[in-house]
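See below for the structure under consideration.
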Amino acid sequence: GSRQGSQLPAPLPTAVWNFPRTKEHHLPLQIGEMVHILQASEGWYCGYSLRNRAARVGEGLLGFAGRRDTNVVPSDMPMVQEITTTLREWATIWKQLYVKRMMQELMEQRSQLLSGTLPKDQLLRLRKEVTGKMDYGNKILTLDLVVRDEDENILDPDRTSVISLFQAHRRAAQTLSQRIQEETVRLLPRAPGHGTHGAASPSHNLYLCVRNFVCHIGEEAQLFMALYDPGDENYVIRWASTGVPQDIELLNNLKVVFTDLGSTDLKRERLFLVCQIIRVGRMDLRDSHSRKLSTGLRRPFGISVMDITDITKGTCDSDEDKQHFIPVHLCQGTRGARTKGFSPERGFPRVAADGDFLHNMIRKAVEGKDINHKGQGLWVSLKVLWGDLSQVKKDHPHLVDRSTAVARKLGYPEVIMPGDVRNDIYLTLVQGEFDKGSKKTQKNVEVTVCVCDEAGNVVQNVIHAGAGDSPSSHYRSVVYYQQRHQRWMETLKIAVPIEDVHRTHLRFTFRHRSSSDSKDRSERIFSMAFVRLMRPDGTTLRDGEHDLVLYKGDSKKLEDASAYLSLPSERNLPESKLLSGSSFRVSGATAALAVSSRDSFQISTLVCSTKLTQNVNLLGLLKWRSKPSLLCGNLQKLMNVDGGEVIKFLQDTLDALFSIMMEHSDTDVYDTLVFDALVFIVRLVADRKFQHFNTVLEAYIRQHFSATLAYKKLLSVLTQYVEQAGRGEPCESLPRTFKALEYIFKFIVRSPAPVPQSHYVACMATILSQMDKDHYSTYIQAFSSRPELMDFLMETFILFKDLIGKTVYPGDWVVMNMVQNREFLRAINHFATTLTEMFLSNSDFELQLWNNYFHLAVAFLTQDSLQLENFSPAKRNSILAKYGDMRATIGASIRDMWYSLGQRKIEFIPGMVGPILEMTLVPELELRKSTIPIFFDMMLCEHRLTGSFSRFEDEILRRLDSEVEGGRGDEQYMQLFKSILLSCCQSHPELAKPGEDFVRLVSELLERLLDYRAVMNDENKTYSMSCTVNLLNFYKEIDRQAMYIRYLYKLKDLHISYENYTEGAYTLLLHARLLTESNAAPVPGPHGLHLHTQRQLKEALYNQIIEYFDQGKMWEEAIHICKELAEQYESHVFDYEMLSDILGGMGGLQEAKFYEKILKVLRPSPDYFAVGYYGQGFPTFLRNKIFIYRGKEYERREDFEMQLLSPFPNAEKLKSTSPPGQDITDSPGQYIQCFTVQPAEEAKVRLKGRSIPEQITNFYKANHVQRFSYSRPFKRGPSDPDNEFANMWIERTTFRTAYPLPGILRWFVVTSTDTIIISPLENAIETMMKTNEKIMSEINRHQNDPSLPINPLSMLLNGIVDPAVMGGFTNYEKAFFQELYMQEHPEDAGKIEKLKDLIAWQIPLLAEGIRIHGQKVTEDLRPFHERMEQCFEQLRAKVEAQYGVREMVSATTLGTGRQGWAVPWTSQQGAAAAPSDAPAAPWHSPAPPSPAAPHLSQSPHSTEPPPTPKPARRPSESAEHRSDRRESRASAIFGSRRQDARQSVSELPEPKVMLSTALEPP
């Protein structure tokens, strides 16, 4: 049922913590769970959870601990109130998505807000965090969007303009969408060991915090920390000689994030954190202070290395609180050591140590060699952070804040997102070789790097030694002591503004450093090198190594840009010679500068810029405006640019392409080239190598693409390609285009960029919100004529209805939707007043205008956003408090407008029946009470005019079906409809009787429709089928043929989906029975066959029915349908080709084929089960009823029961087979009883006394059965241990079903039961009769098929003639043939004679069986056979002496030549069971015709032997006989020929005349 009325409960207490059950009477609670408190005592409460109300039944009072948290919060803290409401709403659905952790965090933050102890800045920060959590949680739980102001307060729609409210919604939605997108990227699947994040995530980060550095240096130090070997920037820490950071504010705050680590970086086999320690001071720490020493020299001191592979791969904990110790490996101080270099491409941290180069130190650390660190080293904490930097800052604000340094990757990240502008040039001082010249020892070379402009002026503060360090104007290298071959490997970053790159260059000056301060001061620059950052063609300096030319000369000239900028800067020698240190002279050197022939110097550069390219072709496209004459060539050359270079400049390239297209909108010269370039780029992104850039392209289209008219040109080129291919002309571009079509269409769709429709609607709602009653009145009066006003109202009603149906705003914009609804409601009611004032009188009445009003009003009332019963209690309360229930308001208006129509109402019948029905079905009690009486008004209106209300009745029955199936309506509605309309009808005598009949009709339909809806989506379709049959029976009874056929096909489809082909065939047959053989058009239906006449449709249905019967192994039925079709083809339509197919031609549906299947295909008999549904817990169509189910082939009862119980998991299975008592049937529970029953075979005249193959007889024993029996043995009277037969009684219950099985269902309800008691003597007669029939059946089988195995016959015969078993005869004789029994039971004399007769008849049967056995027995079993013969002769002598001799002669079955035995006694299933005729069903029929044969038997009551059956001679087939055979095929449906007296199982009784008058014989 639905909610009774609109009264809503007050807020209930809510659990604020999880409370586990630790004692017997504790009530376990989860956060947000609502409870009902019954009693309170000293901090403890008694009550129950609203989530499990049943827990209080029978368990006494439940106790739970904790405080009762109600809505009592300070009135000035609305955010606390909002958190409380949010938690309650989340509590019911949090398990759908894992927000439990978020709920716990909100509880803690709620407590912080309530404490009132937070300072203002923390309070603001906490408010932002809380609202972010709540809004994000609401989004992922698909709850409503909350809009807020700048201070995080919820916006009040009454104090905010509608357009401002709309813009706030849009901003909030965009923020949340961005958050969801970021979370999605962050939560991408990780590689093994990475939890919920993954290698597929485009960006990873390593957080490093240096906790302490302990090292005995005695001088200032510089720590250069980096990852080896992904190649990130260094993180630089400047350490004072006092043992603390030089910047004291960084104490305990030395943090860095190494960013842009790609999945390939984390997949490396080993990953290290390396720290190089450079001391800054004198040349040698051993130098004494007796003389003045030079200072400020950067000298190598040591190195620290830590393997962090396990941390980055997630195989060990990544915790920011855990500290790791990294020991320092000190330099050996061997001043003259030489080291062979290693490749700079490996990305070493770029400072080498004095006398022991970096690669040797790393090797020692990796190989695990002991380091004598003496307690010196670093303490660090590490944590892997997932996502891009902006996401990391949001997720870990306590780790990554404004003071955290960011060390970027030396190179591009795997994905360059739009807006990620970068312009970094990384310079590495690789190595140099310097001749000692006039000095006695090798020089201590120091390299100084600066950036200069064209005039030679030093560009200030553009050099960065690393992250965390301030920029400088000069960089000085580490000084190595007296080494000819210097290898620095120091990397620094050059950050020159993009607009200055073209006019700047790098200058390197070289100077010898002395340990003596006085000598050091006198040293001058002895050499210089330079290199420009941009090449003459406009591209940037290429990546890689550069062998620079070293110049010598006057130190002032060496720093004069005008003296060297015109000179070559690089040597152009093969790489093999570059590293040899060879020198050469550069021609054209000025007199002031000369090339240093004996010195060499190499650097390496890497450009990481999203604005500066090193490719001249790409540069030409990006700067196309500077040389427009080269544009065509540059567009063509783009296809030859390396994909990686294009991808790096993806946004700029796309911007350039669309700029070219838009700035040449008046010509199509470049359209094809731009289109092909777009296809090239899209296909690049689709390449696996650049697959991460899919998100970049999507982001560009969504956020940056703004070419509003591009769609015209894109569509034009695409159309041109398609048409070119359509003409057969070669078009190489088309296949490439198809591969990029998805994104091409996204550009096309995005480019018009219209103002969103929602924005227009918000503007309109804003205008409506400003209008009051006077405004509306003035506006209406401003129309100069009625037609203009009518047009305006008509268009407005259509517009409003269209907007309501489209749901302009997203579903979670609940405030915006409610505000719009409020304004629309005001407008609709104002316009309704205009309708009644100006368009209601007879001369002014406008039917269509009123019709549009009613449809708009009903659409408004039934829209999803107003159905409060579908919302959570919190949301429902909020809407009611702010806006009320608008459905009640508009419902009252609809009712008043209807009653105001007066005599015009009849014009809206039946058109308005459906909309009014839809309105009354809304589950709001008061609304239903006020609007259901409209139906009676419609009935009364039509009845007074026409004398009936048939149009109203037809329409409401038709619409009820679709409305209830669609989910509307409930038990409450049915009761209200019934009570209200009956009450109204009783007040009008002329409608009392027809009204009562109508209400009963609708109530019955509603009951069936509600039952059907309740089960139609169940996985087990058993009950859906039952409810479908109930409905189609109902529609048949009330002559609604279209609805009847609709449900026939629903039932058929259900059957076929479960492979119930037999039942599907019987269901289709019901439709076929409604059709005639005429050429009249069939009633349109769901059959899906587009045929023009009923004859064609009937033939198609018959062919489908035959196919289903064939699949269901019901070949007897298929044969009968074939005969009907054959008669039609032969005698009516004269289609002999189809006749040939039916009778056995080349077609697939042949009679002969079915006859063959009957005899040769194994067809196991189904089991039947009786199922009782007891208790009030079942639906009405099952409650306290018994059904007989037809099992499937080889279906076990256990499997059947499991399937039966699946829809009712709480049902209890009854173990007894006896009918349950009233305590079960009246209980509120569910009890199911299931047991196997036997089909009670009906007496079939033409099967009796015949030798018929058991393949035929077995079919009729298990099919077309309407009576089923269950036998329960019990003992009565004194027990005889020596003879169990004397007191073995049988209680036999016979169940009669409503219709025979099989039928249109696999089960039918039991309509009657009959229980009889069978005496021991009657039981003995029945047992003997079944035994004799079994012997005769086995004999006939062996006579007709000599190939059958002999074992079953051996066991059967031996079990009867063996003396050990022959006691059965003896027991019967002892029990029933004694004089004492005959004296006590004189009424049983006839039955005793019948039993003796059956014993006597068993002898000739056994004789024939033993004869057959002797013919087929093998030699090894011959002794067994001979002993069996001896036993039989003894048995024969005894029986024939006591009960006489019986003889039988085999007969030949008429027309088949098959030998067999006829039954010489009356076959009954029990002496006391009286068969009765089954009533005809509307979808079933009696058994089909069987071969006719004489019936030969002897009365079972006679003691005389019966006459010997004689074989019948097969008569010649006369013309009359052939005519009779044809008549047996004649159709009772197609033709008008006489009806054969023999009726088939498929010949259903005639339905009502209205449905099929053609079924009546003429």
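The values are calculated or read from the model by the stated rules, or taken from the named source; none is laboratory data. None of these values were measured; they are calculated from a predicted model. A quick note on method: Cβ atoms are made from the backbone with ideal geometry, for glycine too, and the neighbour counts reach across all protein chains shown. SASA here: full protein model, heavy atoms, side chains in, ligands and nucleic acids out. Shrake-Rupley method; radii C 1.70, N 1.55, O 1.52, S 1.80 Å.
Test each condition in (1) under 37 Å from the mean Cα position of the chain (by Cα); (2) at pLDDT below 80 for LEU113 and report the one that comes out false.
So LEU113 meets the others, but not (1).
State which residue pairs qualify: first residue more than 15 Å from HIS1055 (Cα to Cα) and inside region 1014-1043, second residue open to solvent by 40 Å² or more (accessible area, probe 1.4 Å) and outside any helix (DSSP H, G or I) in any location, beta carbons under 6 Å apart, and separation of 6 or more residues or different chains.
ASP1039/MET1554
Are there any pairs with C-beta distances below 6 angstrom linking a residue in region 705-716 that is within 16 Å of THR653 (Cβ to Cβ) to a residue that is at pLDDT 75 or above, with the two at least 6 apart or on different chains, and if so which?
Sorted first by the residue in region 705-716, then by its partner, the pairs are ALA707/PHE658; ALA707/MET662; ALA710/PHE658; ALA710/MET661.
Among the numbered conditions (1) in a helix (DSSP H, G or I); (2) closer than 28 Å to GLU1291 by Cβ; (3) acidic (Asp, Glu), tell me where ASP1314 comes up short.
(1)
Take residues that are modelled with pLDDT of 80 or more, under 19 Å from ASP232 (Cβ atoms) and touching a strand residue (DSSP E or B) at 6+ places or on another chain (Cβ under 8 Å) and tell me which of the strands (runs of 3 or more DSSP E) falling wholly in region 358-474 contain 1 or more. Steps first, answer last, please.
Numbers: elements: 377-386, 405-407, 423-433, 445-453.
In region 358-474, 377-386, 405-407, 423-433 are the strands (runs of 3 or more DSSP E) which contain 1 or more residues that are modelled with pLDDT of 80 or more, under 19 Å from ASP232 (Cβ atoms) and touching a strand residue (DSSP E or B) at 6+ places or on another chain (Cβ under 8 Å).
For GLU220, which of the numbered conditions (1) crowded, with 20+ Cβ neighbours inside 10 Å; (2) modelled with pLDDT of 90 or more; (3) touching a Ser or Thr at 6+ places or on another chain (Cβ under 7 Å); (4) of a type outside the set (A, V, I, L, M) fails to hold?
So GLU220 meets the others, but not (1).
Identify, from the list VAL808, VAL815, the residue that is modelled with pLDDT under 90, under 36 Å from the mean Cα position of the chain (by Cα) and under 14 Å from VAL162 (Cβ atoms). Outline the logic, then answer.
On the way: VAL815 fails: modelled with pLDDT under 90.
VAL808 is the lone residue from the list that is modelled with pLDDT under 90, under 36 Å from the mean Cα position of the chain (by Cα) and under 14 Å from VAL162 (Cβ atoms).
Pick from region 1323-1360 the residues that are of a type in the set (Asp, Glu) and assigned to a helix (DSSP H, G or I): which of them is farthest from MET1448 (Cα to Cα)? I'd like the intermediate steps shown before the answer.
As a first pass, look at region 1323-1360 and keep what is of a type in the set (Asp, Glu): 1326, 1333, 1338, 1345.
When the remaining residues are screened for being assigned to a helix (DSSP H, G or I), the result is 1326, 1333, 1338.
Working: GLU1326: 21, GLU1333: 14, GLU1338: 16 Å.
Among those residues, the one meeting the criterion is GLU1326.
Using the structure shown, decide if LEU145 is open to solvent by less than 80 Å² (accessible area, probe 1.4 Å), assigned to a helix (DSSP H, G or I) and at pLDDT 85 or above. If you could, list the steps in order and put the result at the bottom.
On the way: open to solvent by less than 80 Å² (accessible area, probe 1.4 Å): yes; assigned to a helix (DSSP H, G or I): no; at pLDDT 85 or above: yes.
No: the conditions fail for LEU145.
So which residues in region 1228-1243 are loosely packed, with under 15 Cβ neighbours inside 10 Å and over 30 Å from ASN1258 (Cβ atoms), if there are any at all?
Hits for region 1228-1243 are PRO1228, GLY1229.
Considering only residues that are part of a helix (DSSP H, G or I) and free of Cβ contacts under 8 Å to residues at least 40 places away in the same chain, which ones fall in region 832-877? Outline the logic, then answer.
Of the residues in region 832-877, the ones part of a helix (DSSP H, G or I) are 832-838, 847-862, 864-866, 868-870, 873-877.
THR833, GLU837, ASN870, listed by residue number.
Return the residue satisfying two criteria in turn: it lies in region 1156-1196 and is among the aliphatic types (A, V, I, L, M) and closer than 12 Å to GLN1233 by Cα, and of such residues it is surrounded by the most Cβ atoms within 10 Å (Cβ to Cβ). Give the steps one after another, and end with the answer.
In the first step, residues of region 1156-1196 are kept if they are among the aliphatic types (A, V, I, L, M); the result is 1158-1159, 1161-1162, 1170-1171, 1182, 1186, 1188.
With closer than 12 Å to GLN1233 by Cα added as a condition, the list becomes 1170-1171, 1186, 1188.
Numbers: ALA1170: 22, VAL1171: 20, ILE1186: 17, ILE1188: 24.
If we take residues in region 1156-1196 being among the aliphatic types (A, V, I, L, M) and closer than 12 Å to GLN1233 by Cα, then ILE1188 is surrounded by the most Cβ atoms within 10 Å (Cβ to Cβ).
Can you work out which of the residues in region 870-927 that are of a type in the set (Gly, Ala, Ser) and closer than 23 Å to ARG968 by Cα is surrounded by the fewest Cβ atoms within 10 Å (Cβ to Cβ)?
Going through region 870-927, the residues of a type in the set (Gly, Ala, Ser) turn out to be 872, 874, 878, 881, 884, 888, 891-893, 900, 902, 911, 914.
Right, trim to closer than 23 Å to ARG968 by Cα and you get 872, 884, 888, 891-893, 911, 914.
Details: SER872: 17, GLY884: 12, ALA888: 16, GLY891: 23, ALA892: 15, SER893: 19, GLY911: 14, GLY914: 18.
Looking at residues that are of a type in the set (Gly, Ala, Ser) and closer than 23 Å to ARG968 by Cα, I get GLY884.
For GLU953, state whether it is open to solvent by 20 Å² or more (accessible area, probe 1.4 Å), within 17 Å of ILE916 (Cβ to Cβ) and among the charged types (D, E, K, R).
Values: open to solvent by 20 Å² or more (accessible area, probe 1.4 Å): yes; within 17 Å of ILE916 (Cβ to Cβ): yes; among the charged types (D, E, K, R): yes.
Yes, satisfied.
Please count how many residues of region 551-563 are in a loop (DSSP other than H, G, I, E, B) and free of Cβ contacts under 8 Å to residues at least 60 places away in the same chain. Break it down stepwise before answering.
Filtering region 551-563 down to residues in a loop (DSSP other than H, G, I, E, B) leaves 554, 559-560.
Cutting the leftovers down to free of Cβ contacts under 8 Å to residues at least 60 places away in the same chain gives us 554.
Adding up the residues that qualify gives 1.
So which pairs qualify, if the first residue must be in region 304-321 and under 15 Å from LYS267 (Cα atoms), the second must be of a type outside the set (A, V, I, L, M, F, W, C), the Cβ gap must be under 7 Å, and the two must be at least 6 apart or on different chains?
ASP307/ARG270; THR309/ARG270; ILE311/SER318; LYS313/GLY193; GLY314/GLY193; GLY314/HIS194; GLY314/GLY195; THR315/GLY193
Are there any helices (runs of 4 or more DSSP H) wholly within region 646-704 with 1 or more residues that are buried (at least 20 other Cβ atoms within 10 Å of the Cβ) and either of a type in the set (Gly, Ala, Ser) or modelled with pLDDT under 75 (or both), and if so which? Talk me through it step by step, then tell me what you get.
Values: elements: 650-663, 671-686, 694-699.
Because the criterion is at least 1 residues that are buried (at least 20 other Cβ atoms within 10 Å of the Cβ) and either of a type in the set (Gly, Ala, Ser) or modelled with pLDDT under 75 (or both), the helices (runs of 4 or more DSSP H) in region 646-704 that meet it are 650-663, 671-686.
What pairs come up if the first residue lies in region 752-774 and is on the phi < 0 side of the Ramachandran plot, the second is buried (at least 17 other Cβ atoms within 10 Å of the Cβ) and modelled with pLDDT under 80, and their beta carbons are under 8 Å apart, counting only those six or more places apart or on different chains?
Sorted first by the residue in region 752-774, then by its partner, the pairs are PRO752/TYR711.
Confirm whether GLU1004 is open to solvent by 50 Å² or more (accessible area, probe 1.4 Å) and of a type in the set (Asp, Glu). Can you show your working first?
Numbers: open to solvent by 50 Å² or more (accessible area, probe 1.4 Å): yes; of a type in the set (Asp, Glu): yes.
For GLU1004, the condition - open to solvent by 50 Å² or more (accessible area, probe 1.4 Å) and of a type in the set (Asp, Glu) - is met.
Looking at PHE738, PHE745, PHE792, can you tell me which residue is at pLDDT below 75, under 30 Å from GLY805 (Cβ atoms) and not hydroxyl-bearing (Ser, Thr, Tyr)? Let's see the steps before the verdict.
Details: PHE738 fails: under 30 Å from GLY805 (Cβ atoms); PHE792 fails: at pLDDT below 75.
Residue meeting the stated conditions: PHE745.
Just one of LYS313, LYS322, LYS292 is of a type outside the set (Phe, Trp, Tyr), crowded, with 17+ Cβ neighbours inside 10 Å and either modelled with pLDDT of 85 or more or over 19 Å from GLY218 (Cβ atoms) (or both); which is it?
Details: LYS322 fails: crowded, with 17+ Cβ neighbours inside 10 Å; LYS292 fails: crowded, with 17+ Cβ neighbours inside 10 Å.
Of the residues listed, the single one that is of a type outside the set (Phe, Trp, Tyr), crowded, with 17+ Cβ neighbours inside 10 Å and either modelled with pLDDT of 85 or more or over 19 Å from GLY218 (Cβ atoms) (or both) is LYS313.
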